[in-house]
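Since the structure comes first, as structure tokens, the remarks are kept for the end.
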Amino acid sequence: MPENAPDRLPQLPPRRRDILHAVIREHIASARPVASAALVQRYGLDVSSATVRNDLAALEELGLLTHPHTSAGRVPTDLGYRYFIDSLMPDPALRHEERVTVSHQFRQAPSDTTERLRLAASTLARLTAEAALATFDPAGDETAGMWSREVFYEGIDRILEQPEAEVRDHVREVVSLFHDRARLAQVLPRTLDEGDVAVAIGGEIAMEPLRSFSFVIGRYGRRDGAAGYVGIVGPRRMDYQRTIGAVRYVGELMTDLVRNFRSL
């Protein structure tokens, strides 16, 4: 994961990078197509709406944007989101006060495995307003561990609240995935090191019924022992900066628990 990510991203001049960034920010916030006039007005672009329209058309030709047939506005494609994550996104991190609060909660967590996994999943669901999962393999065996690994999830109802019809229509696929450890094993990235985070966007996901979503998955634990995954499943129109920051931080806290308490 991701299996179908592009090998190379197109090169963009600075203004078109800025416009792509602005379209993605606006679409994440509104879930609506973004028009040129809105970009000029809200972002103080020192060019005309006509110039922005030309830039939007150029970004569409590159496969970074598309537009619904009923709207003149644009929305990001999977490639557009990939460009944002790899080339435009600021460093992902939670706010300091959030980190302090979450860290305190984890320091107070009981030594029971189940409760820690539930805390990880519920914390991620709360921080991101998306569906979250947490898994644990006591042996750290990536070849067979999925059959003994515990899986907890929270926030499925958040998917139902999303405005995208295709996301709501496929929510059962996500629930089925969380309950089917063999299928889940195919989605979780096996090559991650502890502390790494992988992102799979829409068409980059191997399983076609899940291509309405994006996955943000991090690995935690000890290389030679207990380990697991924490992650988020949500619409492709997710706040990747915040989500990646949340997954990375919760993964760090889970790694600390694994290292400090052999009983996890």
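The values are calculated or read from the model by the stated rules, or taken from the named source; none is laboratory data. As the structure is a prediction and not an experimental result, all values here were calculated from the model. Ideal geometry is used to build each Cβ from the backbone, glycine not excepted, and the neighbour counts take in all protein chains shown.
General observations
Yes/no matrix, rows are residues, columns are (1) farther than 17 Å from Asp239 by Cα; (2) touching a residue at least 40 places away in the same chain (Cβ under 8 Å):
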| position | (1), (2) |
| --- | --- |
| Ser30 | no, no |
| Asp46 | yes, no |
| Ser49 | yes, no |
| Thr70 | yes, no |
| Pro90 | no, yes |
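- Of all residues in the range 169-184 being surrounded by 15 or more Cβ atoms within 10 Å (Cβ to Cβ) and under 18 Å from Gly202 (Cα atoms), the one that is farthest from the chain's Cα centre (by Cα): Arg183
- The residues of the range 70-86 that are surrounded by fewer than 17 Cβ atoms within 10 Å (Cβ to Cβ) and under 20 Å from Leu39 (Cα atoms), listed by number, are Thr70, Ser71, Ala72.
- In the range 195-239, the residues that are among the polar types (S, T, N, Q) and on the phi > 0 side of the Ramachandran plot: none
- Ala144 being hydrophobic (A, V, I, L, M, F, W, C), at pLDDT below 85 and either buried (at least 18 other Cβ atoms within 10 Å of the Cβ) or more than 30 Å from Pro33 (Cα to Cα) (or both): yes
- For Pro92: the one exception among (1) outside any loop (DSSP other than H, G, I, E, B); (2) surrounded by 19 or more Cβ atoms within 10 Å (Cβ to Cβ): (1)
- Pairs, first farther than 13 Å from Thr255 by Cα in the range 99-111, second surrounded by fewer than 13 Cβ atoms within 10 Å (Cβ to Cβ), C-beta under 6 Å, six or more apart: Ser111/Ser263
- Test: residue in the range 158-170 that is at pLDDT below 95, in a loop (DSSP other than H, G, I, E, B) and of a type in the set (A, V, I, L, M): no
- Scanning the range 194-211 for residues that are out of contact with any strand residue (DSSP E or B) (no Cβ under 7 Å at 6 or more places or on another chain) and either among the polar types (S, T, N, Q) or touching a residue at least 12 places away in the same chain (Cβ under 8 Å) (or both) yields Gly195, Gly203, Glu204, Ala206, Met207, Pro209, Leu210.
- Residue within the range 175-185 that is over 22 Å from Arg118 (Cα atoms), out of contact with any helix residue (DSSP H, G or I) (no Cβ under 7 Å at 6 or more places or on another chain) and of a type outside the set (A, V, I, L, M) present: no
- Residues that are under 8 Å from the mean Cα position of the chain (by Cα) and either in contact (Cβ under 8 Å) with a residue 12 or more places away in the chain or more than 23 Å from Arg149 (Cα to Cα) (or both) do occur in the range 216-224, at least one of them.
- Check on Ile201, modelled with pLDDT of 95 or more and among the hydrophobic types (A, V, I, L, M, F, W, C): yes
- Within the range 202-217, one or more residues are of a type outside the set (Gly, Ala, Ser), part of a helix (DSSP H, G or I) and surrounded by 17 or more Cβ atoms within 10 Å (Cβ to Cβ).
- Residue that is surrounded by the most Cβ atoms within 10 Å (Cβ to Cβ), among those in the range 107-136 that are polar (S, T, N, Q) and closer than 12 Å to Gly231 by Cα: Thr135
- Counted residues, the range 55-69 - those being at positive phi and surrounded by 20 or more Cβ atoms within 10 Å (Cβ to Cβ): 0
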